[in-house]
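For reference, the structure is listed below as structure tokens.
Values in this text are rule-based calculations from the coordinates and carry no lab data. Keep in mind it's a predicted model, so treat the numbers as computed, not measured. Methodologically, a virtual Cβ is constructed for each residue, glycine included, from the backbone with ideal geometry; neighbour enumeration extends over all protein chains shown.
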Amino acid sequence: MASYVGFIGLGTMGLPQALNLAKAGRRVVVYDTRPEAMREAERQPGVEAAASPRAVAERCDVVLTCLPDDASVNAVFRGEEGIVQAARVGLVTCDLSTVSPEFTAVLGEELKAGGVAHFAAPMLGSKPQAEAGEVFYMLGGDRGHLDKITPLLAIAGRMHIYVGTADTANKIKLMHNALGAVNYAAVAEALALCAQCGVDLNTFYEVVRNGGGMAYSNYFDRKVPTIIKGDFTPRFKLKLAHKDAMLARDFFRGKGVPMPIHEMARELLEQALAAGYGEDDASAVTRITEKRLGRQISRP
């Protein structure tokens, strides 16, 4: 039984990580609400599908979950056929999802009462990093059970940092993504200014990328070339970026910390979501900036 690893949530990030675990020789039991996702996972030798989250937890000593939001995580853990129904001493769970810190803390205490050690390991990276096994994790939870989790994260990702409690991991993730949201908005405005001033976008990109100045970021490096091409193929969907921005807003408000710059970025994401770009890449906020400017930044 100890040789099985559970993986629940086979979406853009989850499926590649589950497959990487199996490719590394782990025997993986998976579950997803979409049967087609489980069929795809089962094509990889070493992967078996289960009928429910509870069934996964009953077969495995460690269960990883990778889900889009609080509601999905709640259903997987507390649903009628949820993980909580299989709670027992020795079971270890690790949620890779980006969810509210308060939710993580309450869920962790509930699981602890049933003998379960719960971790949170929210991720940095998108689809290419998940496929390449280069996801970065902020890992929080009971140090006494780290040896059950860290070998799995070493397979599915390039690095992790232990940050303390499980809810601390999600606090850091929300603060990180809040800064990222500001990047989305700032880069879109900089490109709009280039377009309006007649500055070649590719020239601007090369200057910022290679000049060593403070304007450079990974987001700028990765996204500007695709924005210029008008390629908004989702690597991290805008609707998820908006969800994270809403979680961050609620977290900041709860701490009494004003975040006016983040709030403007959040509003831009909200406008892009309302305009129908939710399934596109988060960089599609550029489309809203184009509408404000009255001219196209990216190529058709």
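Near the amide H of VAL63, within less than 5 Å, lie the amide hydrogens of GLY6, VAL92, THR93, CYS94, all on another chain or at least 5 residues away, with H placed in the peptide plane.
Relative to the longest principal axis of the Cα atoms of the chain, the long axis of helix 14-23 lies at roughly 60 degrees.
Each peptide in 209-220, 63-74 gets a packing score, the mean of other Cβ atoms within 10 Å over its residues, and the list from highest to lowest is 63-74, 209-220.
Working ranking of peptides 105-111, 225-231 by packing, defined as the average number of other Cβ atoms within 10 Å per residue, highest first, is 105-111, 225-231.
Evaluating kT/(6 pi eta Rh) at 20 °C and 1.002 mPa s, with the Kirkwood radius of the chain over Cα pairs in the Stokes-Einstein relation, gives 106 µm² s⁻¹. Rounded to the nearest 20 debye, the dipole size of the stretch 172-293 about its Cα centre is 340 debye, using +1 on the Cβ of Lys and Arg and -1 on the Cβ of Asp and Glu. For the chain, the relative contact order comes to 14 percent (Cα pairs under 8 Å, sequence separation of at least 6).
Here the chain carries DSSP beta bridges of which approximately 15% are antiparallel, counting only pairs with both residues inside. I'd like the Kirkwood hydrodynamic radius of the stretch 4-164, using the inverse of the mean 1/r over distinct C-alpha pairs, in Å. With all distinct Cα pairs of the stretch 4-164 included, I get 15.1 Å.
Shown for SER283, SER97, SER298: other C-beta atoms within 10 Å of each C-beta, ranked fewest to most, produce the order SER298, SER97, SER283. Over all other residues within a Cβ to Cβ distance under 13 Å of ALA265, the charged ones net out to -3, with Lys and Arg as +1 and Asp and Glu as -1.
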